[in-house]
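Readers should treat all values here as calculations from the given coordinates under stated rules, not as data from a laboratory. Just so we're clear, the structure is a prediction, and the values are computed from it rather than from any experiment. All Cβ positions, glycine included, derive from the backbone under ideal geometry; neighbour counts span all protein chains shown.
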Amino acid sequence: MGSLAVRSAVLLLLLLALPLALGEYWAFQLGLFFLYAIAALGVAMCWGQAGFLPLGQALFVGLAAYLSGAALIQWGEAWWVFLLLPFAALAAGALAFLLGLIIFRGRSESGPYFAIITLAISLLAFQVANSWNEVTGGYNGMKGIPGLPGLEGFSDVYYLAAVALACAVALCGWLVQAPLGTLWRAIALNERRVAYFGYDTAMLKAIAFGLSGVLAGIAGALYAPQQGLVTPELVGFALSADLVIWVAVGGRKRVLGPVLGVVLVGILSAELRERTYYWDLIVAAGFVFVVLYASGGIGALLAPLERLLPGRRKALEPLRAPAPKAPRTAVTLAIEGVSAAAGEVRILDRLSLAIARPGIYCLIGPNGAGKTSTFNMLTGELRAQAGEVRLDGDTLSKPTPYRLARRGVGRKFQIPSVFGELSIDENLRIALWSGRTSLLDWLRPAPRRWDTPVLAALRGRYPFLDDGARLASALSHGERQVLELSMALVTEPRLLLLDEPCAGLSGEETAQVMAVIRWARDTLGLSVVIIEHDMALVKQLAEHVFVLHQGRLLAEGDVAAIRSDPRVHEVYVGAAE
Amino acid sequence: MDPLLVTQALNVLYEVVTLAVIVLGLAIVFGLLGVMNLAHGEFIALGAYVAYVCQSLGLPYLAAVPAAIAACALLALPVERFLIRPLYDRPFDTLLATWGLSLFMRKAIEIGFGGGYKSLKIPVSDSVLVLGAPFPAYRVLLMALCAVLIAALLLWYRRSVAGARVKAMVGNRELAQAVGIRTDRLARDTFVVGLCFAGLAGVMVAPLVSVQPYMGLDYVLRSFFVLVVGGLGSPLGLLSGAAAIGGVESAMSALVDRTAGYSTVLLIAIFFLWRRPHGIFGRS
Amino acid sequence: MSARAFEFEDVTGGYGGSVVVRGLTGAVAAGEALCVLGRNGVGKSTLLRLLHGFLPLGRGSVRFAGRDLAGLDPARRTALGVSFAPQERIVFDDLTVRENLTLMRPGRPLAALAPYFVRFPRLAERLGQHAGTLSGGERKLLSLVRVLAEDRPVALLDEPAEGVQSESVRQMAALIGERKAAGAAFVIVEQNLELVEELADRYLILDQGRTVQAGDRSTLRRAELVAHLRV
């Protein structure tokens, strides 16, 4: 993290030196915009990292501002009022976290709906602030807020804002590079896949939202003494909208992006709005342009410059990762009489099958037999209306991908769904961290260096995995299948569900994958269930075959028994009835 | 019948019916096509301002109708081509791009017409007796027009071939292409029609509301709430959403005050967004 | 050389980055049917989707009446004369049976479809019902009638008989036979051997995305088909 400290120090020095160059008037203006930049950082963390956009962020700015203003009016003379300001910020953060948990755990997962909910909540807050005269001063606002004790003049406030901004930038920079940042970026790419690795994605997103609330709260808490006045407009739509525009134009993926956005667009607006009518039109057009063509914003242009800065990370020594927390015994799975339907169509019809010992099982059957649906039922995507599933003897009720991953059940999908915009290393680490890490681990840098014997062995078999910095999207289809299989194996599951793992692979690649599956069975002692259409593969790999037909188990046994079973023959070759 | 009660009921009915017409355009664009058009309100505003211009030029009020439709259609075509079509599978970015468009349009209107309120003369200024209670004639006319418009649109959607093709495209895009429907063009035309309805709604309500550059904001938010609560893609959803939102707001405004009315609407919308984003009649 | 109504050569492609089918070649003339066989997952549906423009071709060409179809979207191909019946989501659930059948030819009276209703009276009974309420087999019937009623020179059918009762399968075969006699050409993906034996003038057997056997009627042997389809 040395480079981060260096960069933050450089930023701080730059900020502190500015008033010397620009004078008192600018110190006051900039101070306010630094506060906005802190709030904008929060928006960028949600949007650029975790992939959801809060459209009503001014709610938290305003809340902290009102709290801080009230505290200052009440106890403004006391020296300890400084300590209350962080509380105001934390209150805003706590509210954000709670709201995030409630919303993300609720039904609507889709991004646009979250944005509109936050917008609606902030509008509601505006209504409250506008009419609750006794507490907020209503339409006229909270007036006569004293400045912070000990700070006089515009410059002092400026320095406080500058320091706060530099600290916020450092904090965000740290989180972006920490495992938490990687997890957020993975959620933005494919939230469902992250849940399949056993992460509570709602909690992770709520943490990001909570962080943004704290940052907005810091801005609000310092706003009150700086401006001396808090009006309901602060909570209103205009600031929330501006924050989004500043972040979009400045760049939401880079930590300095929002700062740039606020400084360039915000300050320019303040100056130019008076002079040209057309400035707002230009900003609006620029925003649309950024959304359409330049989602990285101005910050994306910074990327080449970043490489010039000191502090390039050296190659790191690997650390031995802790063991997974899931139980290590061989898994037993019993599906009994499970039925599931979607409307009129019977997808699973009193399906019963059991896996009692480790081995390689194949699940075959004609189209619509219910093979993928069986997997979906196990991981909770398809709800069973009757029957029971027992994992290790315990009944599985209301399964979710997250819960199953925690019990050592891994799944690999037919179409490779690796995280394309993350590097191979990050992809593998996300898998590695699952089931072995807690919140604290996500904040420290050490887990980025973890390694396990399984991962090392996979790297040995597939040398391309060693090229850790390469983006997953740059891999060929076959390499992506292998990467995803490796990710599934690295979690050291007890039960692995593979859906056509060799789809689209060449003959050679298929042979390699088969070898890995056998090796995994031998080394990890796991049970693998493979859905396959390729009979050659089934003949070579399967120790036991389940044949499904019309949602039910038609036959089971070893390959020879299946081949000679007349019912199986009838299903595959006989005329459709 | 107690004339006061009749007036109250008529007021509520008026709110609901006009709300339905305001939402109509977004019901087509968002409810059918799935395009989150945050500039919907600005197209309503455009219609209102076109009406203002027509009236200032001394033209009969009806002239505003084709003028507004033309203006909206002319603007809708490049918007569909450059903003909507490239972002069809990125609903989030559509939200942002149309929001940027709304900012742009708002500012353009402000530059062109100034930031103040414009007031239009009501085309029909008498008052009529409805069930013994006096009620402004224009409002009665408006309600009748809205009802006719909505009924006609529903009928067209249910019975006409074009309506069936839109339904086909919305329900099963690939099969629609397989049978030969040019889905790109059909989606574009549907989008333009939706925006023209927004303009038409603007012409209709302009004499009765305050026409100012920021009028669109209110409309677009309310429209989203109506669709979220009522359900997307279903005419019944539109009507029930308008009834719920419009009814609750006017009732609460009458009982308490405007703030309470709006706040209640917000609470209902938040609840549905959180728990039942498909609304009362939408499909999950 | 007889006119090839529809031909494809070295067709290669798949979803995303993967290659599902490789080097597939085939052709039909007017009045002929080419049947594509193989177990599930071998790429039959993918082939049809490539032929009709739903997926981009990695390599190879598709021609209709001598004209290269490269770059044309599915709606254009249909307009040119190639109709398509998919395997899944085969009818418009939200439209009635009548609307499904008259969607693209609203001017044509329903009476023109009488020959189809004679063979499938169940469809006639359900004209006013929403297609989404039909049973699976009835939907297949509707899908076939829809595509045949389009009356185009070439039709690509993806498992038209899947899940259909044998009596109706016989009617289907008869109908397609009549259309063949009238000059239409068909590419049919099918696993129902009776349908194949009755209709195929040529056939392709696929396995793992490649052709393992191809031929015409004279070399069609049920035992060999069975060998390729079984486990």
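Looking at this model, which pairs from A:Lys253/A:Lys325; A:Lys412/C:Lys140; A:Lys371/A:Lys539; A:Lys143/B:Lys107 are more than 22 angstrom apart at the alpha-carbon?
Pairs exceeding the cut-off: A:Lys253/A:Lys325; A:Lys412/C:Lys140; A:Lys143/B:Lys107.
Packing-wise, with mean Cβ within 10 Å as the measure, how do A:550-556, B:40-46 rank, highest first?
B:40-46, A:550-556
Compute, for segment C:39-136, the length of the dipole vector about the Cα centre, with Cβ point charges of +1 (Lys, Arg) and -1 (Asp, Glu) only. Units Debye, rounded to 20.
Rounded to the nearest 20 debye, it is 380 debye.
In whole angstrom, note down how far apart the Cα centers of segment C:192-216 and segment B:53-81 are.
One Cα centre to the other: 60 Å.
Mind pulling the angle between the C-alpha long axis of helix A:279-293 and the longest principal axis of chain A? Nearest 10 degrees, somewhere in 0 to 90.
It is inclined by approximately 20 degrees.
Can you give the calculated 222 nm mean residue ellipticity of chain A, where each DSSP H run of n ≥ 4 adds -39,500 (n - 2.57) and the sum is split over every residue, rounded to the nearest 500 deg cm²/dmol?
Value at 222 nm, helices only: -18000 deg cm²/dmol.
Calculate the dipole size of segment A:2-235 relative to its Cα centre from +1 charges on Lys and Arg beta carbons and -1 charges on Asp and Glu beta carbons; express the result in debye to the nearest 20.
780 debye
Name the residues whose placed amide hydrogens come within less than 5 Å of the amide hydrogen of A:Leu548, ignoring near sequence neighbours (fewer than 5 apart) on the same chain.
Under 5 Å from the amide H of A:Leu548 lie the amide H atoms of A:Ile364, A:Gly365, A:Leu554, each far enough along the sequence or on another chain.
Counting each DSSP H run of 4 or more residues in chain C as -39500 (n - 2.57), what helix-only mean residue ellipticity at 222 nm follows after dividing by all residues, to the nearest 500 deg cm²/dmol?
-9000 deg cm²/dmol
How large, in Å, is segment A:333-573 by the Kirkwood hydrodynamic radius built from its alpha-carbon pairs?
About 18.8 Å for segment A:333-573.
Which of the listed residues, A:Ala65, A:Ala270, A:Ser564, is farthest toward the dipole's positive end in the protein assembly as shown, when Lys, Arg count +1 and Asp, Glu count -1 at the beta-carbon?
The residue sitting most towards the positive pole is A:Ser564.
Compute the angle between helix A:24-44 and the longest alpha-carbon principal axis of chain A, please, reported from 0 to 90 degrees and rounded to the nearest 10.
It is inclined by approximately 20 degrees.
With 20 Å bins from zero, work out the P(r) of chain A over every alpha carbon pair and list the percent per bin.
All Cα pairs considered, the percentages come to 19, 43, 27, 10, 1.
With unit charges on the beta carbons (Lys and Arg positive, Asp and Glu negative) and the dipole taken about the Cα centre of the protein assembly as shown, which residue among B:Leu83, B:Phe272, A:Leu18 sits farthest to the positive side?
After comparing all options, I get B:Leu83.
Magnitude of the Cβ-charge dipole of the protein assembly as shown, K/R +1 and D/E -1, about the Cα centre, nearest 20 debye?
For the protein assembly as shown, the charge dipole is close to 900 debye.
Setting aside same-chain residues fewer than 8 positions from B:Lys118, which aspartates and glutamates have a Cα under 18 Å from its Cα?
B:Glu42, B:Glu110, B:Asp218
Taking A:Lys205 as the anchor, which aspartates and glutamates have their alpha carbon closer than 15 Å to its alpha carbon, excluding any fewer than eight residues away along the same chain?
A:Glu109, A:Glu191
What are the radius of gyration and Dmax of the protein assembly as shown, computed over its Cα atoms and given in Å?
32.7, 103
May I ask for the angle, rounded to the nearest 10°, between helix C:166-181 and the longest principal axis of chain C, with both axes built from Cα atoms and the value confined to 0 to 90°?
The two axes meet at around 70 degrees.
Please report, in whole Å³, the volume per residue of the convex hull around the C-alpha atoms of chain B.
Given the Cα convex hull of chain B, per-residue volume reads 135 Å³.
Across peptide C:189-197, what mean number of C-beta atoms from other chains lies inside 10 Å of a residue's C-beta?
Mean shielding count: 2.
Residue by residue through C:38-48, how many Cβ atoms from other chains fall within 10 Å of the Cβ on average?
Taking the mean over all residues of the peptide, I get 3.
Going by amide H atoms built from the backbone, whose H comes under 5 Å of the H on B:Val128, apart from near neighbours?
Residues meeting the amide H criterion: B:Phe135, B:Ala137.
Hey, any idea what the orientation-averaged projected area of the convex hull of segment A:2-235's Cα atoms comes to, in nm²?
Dividing the Cα hull surface by four gives the mean projection, 13.3 nm².
Would you work out which of A:Gly387, A:Phe375, A:Ser352 lies farthest towards the positive end of the dipole of segment A:333-415? Charges go on Cβ: Lys and Arg +1, Asp and Glu -1.
A:Phe375
Which is the longest part of chain B that has none of the trypsin sites (Lys or Arg not before Pro) sitting in a DSSP loop with at most 14 other Cβ atoms within 10 Å?
Longest stretch, sites excluded: B:122-282.
Enumerate the whole-percent occupancy of each 10 Å bin, from 0 to the last occupied one, for all C-alpha pair distances of segment A:3-138.
Spelled out bin by bin, segment A:3-138 gives 10, 29, 34, 22, 5, 0 percent.
Considering every residue in B:260-270, what mean count of other chain Cβ atoms within 10 Å of its Cβ is obtained?
Per residue, the number of nearby Cβ atoms from other chains is 4 on average.
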